[in-house]
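> My questions will all concern the structure given below.
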Amino acid sequence: MTAKQTWRRGKNLAEWNYNIGEVSNTAEEFLDEPVWRRQWTTRKIELLLDALNDFAWIESLSVDTLDGGENSWVADSWHPQRSRSQLLYFLQREETTNISIVLSLECTAPGRTRKQKELWIESGANILVFVEPEVQAIWRKVPGYRMSLTLFLNVDIYAPMTWAGIRDNTELSELNQPRLSAFLQRLEEELEAKFASVYAPDYADMVEKYGFVAVGNYKRLAFGNSLAKL
């Protein structure tokens, strides 16, 4: 990190949690049809891959299954077409329990002569998808969800105020927060994901359902690096 950098890296600086596929205690057909469940899971992951467009690029992806355990299918170097096709084929034939995705974030930074430039941040975020196993769903016999999804941010480039050497990140936040917000909205609209919670203890009131709050809602106090809400 350079002395002038206004954002920082850190593991799981902020996380957004979602539930997908509500299951009622009367959904016996849903619980008793493995083929239907695998098709449903495959379709949701396919929609997730599409939703990443203009937000992030997949670096690697791994799948855990009931029969094969951890890393039953792994793409250490993701290929947009080949890896995608292989993954969707695999998901239709295996009882998936977890999917872990490492992302490079597609960001924008100010360039020379007022032009913007692309900024790719490797391993800037992770997505973890948990798919409830068939056996657990049958035993539970109470309302719940078929799938949960969590987005973990490992950088705070979207935040108007950060914990970097220079805390005022207004310019980069204004350029990149719309990308994060649009992605989170696509999760709700395209995957029918239900927002559950957001957790970002280092950023207090700066986070909300669709990312970080607008830059104009905060100002730097004259003393120290504290934040105050306008």
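The values are calculated or read from the model by the stated rules, or taken from the named source; none is laboratory data. The structure presented is a predicted model; accordingly, all values stated were derived computationally and were not measured. We work out accessible area using only protein heavy atoms, side chains counted, and drop any ligands, DNA or RNA first. Shrake-Rupley method; radii C 1.70, N 1.55, O 1.52, S 1.80 Å.
> Can you sort Leu172, Leu48 by solvent-accessible area, 1.4 Å probe, largest first?
Numbers: Leu172 20, Leu48 0 Å².
Of Leu172, Leu48, the descending order of accessible area is Leu172, Leu48.
> Would you mind getting the accessible area per residue of segment 35-79, heavy atoms of the protein chains only, 1.4 Å probe, in Å²?
Details: 2240 Å² over 45 residues.
On a per-residue basis, segment 35-79 sits at 50 Å².
> If DNA, RNA and ligands are ignored and the probe is 1.4 Å, what is the ranking of Glu189, Glu70 by accessible area, most exposed first? Mind showing how you got there, number by number?
Values: Glu189 130, Glu70 150 Å².
If we order Glu189, Glu70 from most to least accessible, we get Glu70, Glu189.
> To continue, here is another question. Kindly sort Asp202, Asp76, Asp156 by accessible area of their heavy atoms, largest first, with the probe set to 1.4 Å. Could you put the intermediate results ahead of the total?
Numbers: Asp202 75, Asp76 130, Asp156 0 Å².
Ranked list, largest accessible area first: Asp76, Asp202, Asp156.
> Tell me which aspartates and glutamates have Cα within less than 14 Å of Lys209's Cα, excluding those fewer than 8 residues away on the same chain?
Glu15, Glu188, Glu189
> Show me, for segment 63-78, the HN-Hα J-couplings you get by feeding each phi into the Karplus relation (A = 6.51, B = -1.76, C = 1.60, θ = phi - 60°), rounded to Hz, glycine and proline as x.
Result, rounded to whole Hz: 10, 9, 10, 5, 7, x, x, 5, 6, 5, 9, 9, 10, 6, 10, 6.
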